[in-house]
Structures are given as structure tokens and as C-alpha cells.
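Below is one structure; the comments refer to it alone.
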Amino acid sequence: MNILVTGGCGFIGTNFIYYMLHEHDHTIINLDKLTYAGNLKNLISVEGRYNGQRYFFEKGDICDTPQVMNILKEYEIDAVVNFAAESHVDRSISAPDQFIESNIQGTYSLLTASSKAGIKRFIQVSTDEVYGSLGPEGLFTEESPLAPNSPYAASKASADLLCRSFFKTYGFPVIVTRCSNNYGPFQFPEKLVPLSFLRAKEDRPVPVYGTGSNVRDWIYVSDHCRGIDLCLRKGRPGAIYNFGGDAEYENLDVIKKILDIMGKSYKLIKFVKDRPGHDQRYAMDYSLAKDELGFEPQVRFSEGLELTINWYLKNEEWVDGIKSGEYIEFMEKWYKERS
Ligand code: NAD
Ligand code: DAU
């Protein structure tokens, strides 16, 4: 099978490409715009081993329908997996425009080109954030109402609805996946796990938004990749599948676990102004994915955190490459405003 993976130079896309090339004999075409979050270096070893045979890179924007059409035809694509998006909630609060462009217009453009080209499988990689926020009890199911609270979440919910309309109106075989918080190798250090680890490593304050009582459900990235692979093979067209990690923790506890692994003092923890519209709690009922796809998360949170921290320790060069980019500037400004 020839699979177009969009956003393959980002965190989850990179992990997915490694996973698929290892697990199957598919050919992967990676279309990525290389925004601040996209890093060609993530795939150096893939390039070395598979380039021009089972792996091809195309720089480009999913909003560019003619380019997408050309790629679909040239590579005789069978299936599309759309990871390409602006993914950082804090950035969506500061500057939503690019989220509307890539996440909504981009998905629309990709759906249009893919349906015209008669693509047989289209996976839209979405998020639990489209459901909004939970109280202390309960889980999100696929039937939970859409109630996004950040511009990021609203853009992803809009894309999900476009997918629904392409299935209902044109019979286009779209599947939407909604996953909880991923962590693991190659995650851009603007997100909680790598950011806390890297700041603690340098004995810099580790920021906690608000009281730190917000709860996220954590899933190791390879478990998410396996879920998407299962969708490609067994997913029902038109379906939505939740994925979760069975690992609900308050943010403060996550940071403490990271500090414990590193042998660092809790004195590094610094409470800062809360994120506006901050969702209190996410938790997933993934029984549909379990029943229909045989999905179950395999990596426990403690194990996954150790794997992640060891990966960042071994890949200092990767981190140094990112630190020279614009991310430092954004994050420093963000924390200054909130301290
Ligand atoms: P990321 O920010 O690390 O990577 C996004 C990638 O998309 C980058 O390589 C970027 O260059 C590329 N990109 C952005 N706009 C593009 C465009 N217009 N055209 C082509 N490429 C473009 O994101 P991530 O954390 O890997 O998330 C990937 C997907 O998974 C996103 O759709 C996100 O909404 C979804 N998701 C993420 C999580 C999570 O915890 N990170 C959880 C659930 C769902
Ligand atoms: O739930 C899935 C979503 O998870 C994905 O759709 C998003 O793309 C992904 O970025 C992630 O969103 P979050 O906002 O949950 O992730 P983030 O790592 O930014 O924050 C996790 C929690 O930690 C959140 O409650 C905010 C808090 N936080 C975050 C940072 C970066 C802190 O307290 N301090 C921090 O420094």
C-alpha cells in the first residue's frame, strides 16, 4: 500500500513513519510544510535506509490542493493519514490565524483532493480536546457533544465536522481518531513533558499553570501509532474512534514524577498564571476501539516516562538544534507574561 502521511516531520507523524516502515512493507510519502514544529532531522535514519524506495519526502502545504492532487496521482496513493496541523494550544491562544488555515482549510483541501482521486482510506488524526472539559467524574465517548474551548480545539472540531460531511454527503471513506495527550521521543519541547524535563535538567523553574490540578490522560506515542495502524487495516468508514492511555494524572503529579526520575528538587516547581479557558480534565472511553479494532494501550505511564526521558538524554544534539529556533523566543515571552 502507498500511504500519504501529512505532517510526518512532527512529533506523532515521525513516530508513525518509523512504526509503519518497521511493522509493514508499505511505501510512505511524507508531505510536510516544515513549520517551526517540523524537523527533517527526525527522519535522517529513515532517509538513510529507505529513501527513494519505501520512503519519499515532499515539502509542501496541505492547503495547496493542486500540489496534493499531483502527489496523490504521481505516487498512486491508496490511503491518506492526516497529522498535519498546528498543535499547540498556547500558540492558538496568542495567534489563532494559522490554526484556522492549516487545521480547517488544510483538512478541507486534503479531503477535496483525496475524494477526487478516489482514495480508499482517509484517517483524520483528531483529539480529545474537541469534547471540551470534564468534571471530576465520567469519560468522553464518541457520542459526547463537541464543546471545544480553545481556538486549537475549535479548529480540530471543525475539521472533524468536514470529515463527517464528506462521509455523509459523498460517501468518502473517512475515519476520525480522537486521542488523549501523547508523550514520547521527538516531541517538540513546548509541551508539558519535554518542557518540564528540559527546564529541570538546566535547574530552571518548571512552570505549572494555575494550581496544577488539571488532569490529562497520557498515552505513549507508539500506542497511538498502533491505534492509527489498526484503523487503516480494520476501521469502519465513517466511524470515530477514541484512543486513551488509562493514565489520568494531575499536571502537578506529572511534573513531580519527572523530577523524581531526574533526582531533582520540587523547589524547581513554579506556579504561574493559568491558561485562559484551561480545560480541567480529559479522560477517554476507548471501548469502541477495543471492541472493533482490538486496541489497547501497552505502555504504562511510569515505563513510558523513563523511555522518554532516556531518549531526550541520549539526543542532546536534537534538542540543541531546536533550541536555536524560534521556540525559545515564544516560550520565554509566554512565561514572562504569566509569571
Ligand atoms: P506537531 O506540531 O509536532 O507536528 C505537526 C506537523 O505538521 C509538523 O511537522 C508541521 O511542519 C506539519 N504541518 C503543519 N501545518 C502544515 C501544513 N499546512 N501542511 C503540511 N504540513 C504541516 O504535532 P503533533 O503533536 O505531532 O500532532 C500531530 C497531529 O495529531 C495533529 O493533528 C494533532 O492535532 C493531533 N493530536 C496530537 C496529540 C498530542 O498529544 N500531541 C494528541 C491527539 C491528537
Ligand atoms: O489532549 C490532546 C492534546 O494534548 C493535543 O490535541 C494537543 O495537540 C497537545 O498539545 C496536547 O494539548 P495540551 O494543552 O493538553 O498539552 P500541553 O502539553 O500544552 O499541556 C498539558 C497540560 O499541562 C495542560 O493542562 C497545560 C499544562 N501545562 C503545560 C505546559 C507547557 C503546564 O502546567 N505547564 C507548562 O509549562
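None of the figures in this text is laboratory data; all of them are computed from the coordinates on show. The structure presented is a predicted model; accordingly, all values stated were derived computationally and were not measured. When we count neighbours, we look across all protein chains shown, and the Cβ atoms used for this are built from the backbone with ideal geometry, even at glycine.
Distance check, please: which entries in LYS290/LYS314; LYS191/LYS333; LYS59/LYS323; LYS33/LYS201; LYS201/LYS336 exceed 25 angstrom between their Cα atoms? Let's see the in-between values first.
On the way: LYS290/LYS314 34 Å; LYS191/LYS333 15 Å; LYS59/LYS323 22 Å; LYS33/LYS201 31 Å; LYS201/LYS336 20 Å.
In this structure, LYS290/LYS314; LYS33/LYS201 lie more than 25 Å apart at Cα.
Run down the aspartates and glutamates and flag those whose C-alpha is under 14 Å from the C-alpha of LYS73, throwing out any fewer than 8 positions away in its chain.
GLU58
How far is helix 106-116 tilted, in degrees, relative to the longest principal axis of the Cα atoms in the chain, given as a value from 0 to 90 rounded to the nearest 10?
Approximately 20 degrees, to the nearest 10.
Please list, in chain and number order, the residues 5+ apart from GLU58 or on another chain whose amide H is under 5 Å from its amide H, with Hs placed from the backbone.
ASN30, LEU31, ASP32
I need to check one value: relative contact order of the chain, counting alpha carbon pairs closer than 8 Å and at least 6 residues apart, in percent. Please list the in-between numbers first.
On the way: 627 pairs, mean separation 59.7, N = 339.
Relative contact order, the chain: 18 percent.
At a Förster radius of 45 Å, what calculated FRET efficiency corresponds to the Cβ-Cβ distance of ALA147 and HIS22, to the nearest 0.05?
Result of the calculation: an efficiency of 0.75.
Could you please rank LEU252, LEU40, placing first whichever residue has the fewest other Cβ atoms within 10 Å of its Cβ?
LEU40, LEU252
Using Stokes-Einstein with the Kirkwood hydrodynamic radius over Cα pairs, what translational diffusion coefficient do you get for the chain at 37 °C and a viscosity of 0.692 mPa s, in µm²/s rounded to a whole number?
Approximately 162 µm²/s, per Stokes-Einstein.
Quick one: net charge around ILE62, please, counting Lys, Arg +1 and Asp, Glu -1 for every other residue with C-beta under 13 Å from its C-beta.
Around ILE62, the charge tally is -4.
Tell me, what ³J(HN,Hα) does each residue in segment 118-127 have, in order and in whole Hz, if you take phi through Karplus 6.51 cos²θ - 1.76 cosθ + 1.60 with θ = phi - 60° and put x for Gly and Pro?
Each residue of segment 118-127 in turn: x, 4, 8, 8, 9, 10, 9, 8, 10, 9 Hz.
May I ask you to list the residues of segment 291-306 whose amide nitrogen lies under 15 Å from a point 7 Å from Cα along the Cα→beta-carbon direction of ASP246?
Backbone N within reach: 291, 294-304.
Each residue of segment 64-74 in order: what ³J(HN,Hα) in whole Hz does its phi give by Karplus 6.51 cos²θ - 1.76 cosθ + 1.60, θ = phi - 60°, with x for Gly and Pro?
8, 4, x, 5, 4, 4, 4, 5, 4, 6, 4
State the extension gain, in nm to one decimal, for the chain segment bounded by TRP311 and GLN298, taking 0.36 nm per residue of separation less the distance between their alpha-carbons. Write out the running numbers ahead of the final one.
Numbers: separation 13, 0.36 × 13 = 4.68 nm, distance 1.85 nm.
Length difference between fully extended and current span is 2.8 nm.
Report ³J(HN,Hα) in whole Hz for each residue of segment 132-143, in order, from the Karplus equation J = 6.51 cos²θ - 1.76 cosθ + 1.60 where θ = phi - 60°; Gly and Pro get x.
Calculated HN-Hα couplings, in order: x, 10, 9, x, x, 10, x, 9, 7, 10, 5, 8 Hz.
Okay, which of segment 69-108 sit inside 15 Å, backbone N to the point 7 Å along the Cα-Cβ direction of LYS120?
Of the residues in segment 69-108, 76-81 have backbone N under 15 Å from the label point off LYS120.
Based only on other Cβ atoms within 10 Å, what is the fewest-to-most ordering of SER165, SER45?
Taking fewest neighbouring Cβ atoms as first place, the list is SER45, SER165.
Out of residues 5 or more away from ALA283 or on other chains, whose amide H comes under 5 Å of its own, with H placed 1.01 Å from N in the peptide plane?
Excluding prolines and chain starts, which carry no amide H, the hits are PHE140.
Using a Förster distance of 35 angstrom, determine the FRET efficiency expected from the C-beta separation of LYS73 and ARG338, and round it to 0.05. Intermediate values should be presented prior to the final figure.
On the way: r = 48 Å, r/R0 = 1.37.
The formula returns an efficiency of 0.15 here.
Going 7 Å from the Cα of MET262 toward and past its Cβ, which residues in segment 292-312 have a backbone nitrogen under 14 Å from where you end up?
Answer for segment 292-312: 306, 308-312.
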